[in-house]
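Laboratory data are not the source of any read-out in this text; all were calculated from the coordinates shown. Note that the structure is predicted; figures quoted are calculated from it, not measured. Note that we place each Cβ from the backbone using ideal geometry, even for glycine, and neighbour counts take in every protein chain shown.
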Amino acid sequence: MRNAKLMVGAFYNPHLGRELAVATGIDHLAMADPPAASDAWWPAIGGRYTLLLHDYLGQLSEPLDERSIQRARALADLYRSPWVAEHFQCLHTEDGRYNLNYVFPPLYTEEFLDRFVRNACALKARLDQPLVMENIPGFFDVKASQMPEPLWLHRFFEATGAGFLLDLPHVWLQAHYHDMAAERWLAEFPLEHVVELHVAGVEDDHDLAGPWIAPAEPSDEMLAFAAHAVSRCPRARAITFDAFSPSLTAEVLFRSVERIRGAL
């Protein structure tokens, strides 16, 4: 049986604002982008939901500049967010010359661990809300890494006191591409630090010749995996249907939230 205080929600998709403004059965909305000035539904959305800040704040392999910190503080205040979320992501090269155009994981090395710990602690000190960090999918192994991702994450959370936003499809995909049971791989992660979990659908990707995250309903297998994970995350406070796309329909969003709630 799930924790009765566990919130079940989704990402705010502005093109579904009309439906979300009057919806029932959704406890919270995660905010990937700030509300647009032209969003007629934002006042209703902001007034009726718990809102979770999950915008791009910066790349924590480098220190955040003052503008980024002030932006994070302003958004957290606007949403009255109970925590502030960011990814363990690398989007651009250190010199800023190249953008990778997608979220890539850091190298799991002592150097990158030190960088992320130092910069996350600096960001935490400037926020009025707790910081939570989300794991990134790894499609392939990088030989330069010095330790497994779960060990790197254990050490990060112990050093920073930050919360863990556990993205379950990311874990599931890693297990799939390493021919490993997802539950076995999940057991290696620092589940005692999990504050929020993400659940999403996966579909076959032509370029990868295999499954990848998609704005689709979670499968029964993914929902069972989510129920298993929640039972092992004693501090979890929210679980979020992770789909943010113009192609997402209201039917898929509402049915997914309902099925997630039912699976727990």
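Here are a few things to note about the model shown:
- Normalising the average separation of contacting C-alpha pairs (under 8 angstrom, six or more residues apart) by the number of residues puts the relative contact order of segment 131-264 at 22 percent.
- Diagonalising the gyration tensor over the Cα atoms of segment 116-190 and scaling each eigenvalue by 5 before taking the square root yields semi-axes of 25, 13, 10 Å, largest first.
- When each of Glu149, Glu66 is scored by the number of other beta-carbon atoms lying within 10 Å, the sequence from fewest to most is Glu66, Glu149.
- Gyration tensor (alpha-carbon) shape descriptor, segment 1-77, a/c threshold 1.5: oblate
- Once the C-beta distance of Ala122 and Tyr177 is scaled by a Förster radius of 41 Å, the resulting FRET efficiency is 0.75 to the nearest 0.05.
- Helical content of the chain, expressed as a calculated mean residue ellipticity at 222 nm, amounts to -10500 deg cm²/dmol (DSSP H runs of 4 or more residues, -39,500 (n - 2.57) each, divided by residue number, nearest 500).
- Most mobile listed residue (Gly161, Gly138, Gly25) in the chain, GNM with C-alpha springs under 10 Å: Gly25
- Spin-label model distance (nm) - Tyr56 vs Asp33, 7 Å beyond Cα toward Cβ: 1.2
- Fewest-first ranking of Arg115, Arg232, using other Cβ atoms within 10 Å as the exposure measure: Arg232, Arg115
- Entry for the chain at q = 0.16, 0.17 Å⁻¹: log10 I(q)/I(0) = -1.35, -1.53, Debye formula applied to identical alpha-carbon scatterers, no solvent contribution.
- FRET efficiency for Glu188 and Asp77, using Cβ-Cβ distance with R0 set to 35 Å, rounded to 0.05: 0.45
- Exposure proxy ranking, count of Cβ atoms within 10 Å, fewest first, for Glu203, Glu19: Glu203, Glu19
- FRET E, pair Gln146, Gln70, Förster distance 22 Å, beta-carbon r, rounded to 0.05: 0.05
- Among residues other than Leu166 with Cβ under 13 Å from its Cβ, the summed charge is -4 (Lys and Arg +1, Asp and Glu -1).
- Taken over the Cα atoms of segment 136-264, the convex hull encloses 120 Å³ per residue.
- Comparing Leu20, Leu208, Leu191 in a Gaussian network model of the chain (Cα springs below 10 Å), the most mobile by mean-square fluctuation is Leu208.
- Candidates Pro234, Pro150, Pro246, ranked by Gaussian network fluctuation over the chain, Cα under 10 Å, top entry: Pro246
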